[in-house]
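Since every read-out is calculated from the coordinates, none of them should be taken as a lab result. Here the structure is a predicted model, which means the values were calculated and not measured. Virtual Cβ from ideal backbone geometry, glycine too; neighbours counted across all protein chains shown.
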Amino acid sequence: MAVDARARYWRPPIIRAMSEFLLRPMVAADLPEVLAVQAQCYRPELIESADALASRLALAPTLCWVAAHADAPRRLAAYLLTHPWPRGTLPPLDGLLRHDDPAAGETLLTWFIHDMAVSPAGQGQGLAKRLYAKARQGAMQAGLRCSRLIAVQSAAHWWQGLGYAPVAPAGEAAMKLSRYGEGAVVMGREIGE
């Protein structure tokens, strides 16, 4: 029986594993990395300040998550900032939110997804859906059953894949929406029991 000489020396190809990412709650020390990821993902007019993002994190730290590189836990590949917010209003772009804000004390609160970004290094790893699932679980544990967000930069189609549908803003919410740029869409969905 003839044996191909190459077969004796054949080795399986080296398959490089995808980078591993650790999902964990966001902490204030993550904000410089959050800003770096934000700068990689958004147009300049959508960039928010560290103070604005810190105010959102302070509202609901258990509802904000990051995906960190396993080999460098302080280096972020993605983040998700969410918080409770009155259902009929929108938080301002790059504005400071306060714990004692009278609007935040209203009874009809929604789980507001303020910002999700995945750096180029984290794309294609399913990080956005994984971060969303973690935060959604926390929102449900907090008793929030409805969710709202503003889809920017043509992201509405992606959010539709998670069950979100356009919602028509009215009054002051429509004026706030205009700051998010052309094509920004308010979207919402019920998030279940």
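Taking amide H as placed 1.01 Å from N in the peptide plane, Ala67 has its amide H under 5 Å from the amide H of Ala77, Ala78, Tyr79, each at least 5 places away in sequence or on another chain.
What order do you get for Leu96, Leu127 when you list them from fewest to most C-beta neighbours inside 10 Å?
Numbers: Leu96 14, Leu127 23.
With the sparsest Cβ surroundings first, the list reads Leu96, Leu127.
Taking other residues whose beta carbon is less than 14 angstrom from the beta carbon of Glu182, and scoring Lys, Arg as +1 and Asp, Glu as -1, yields +1.
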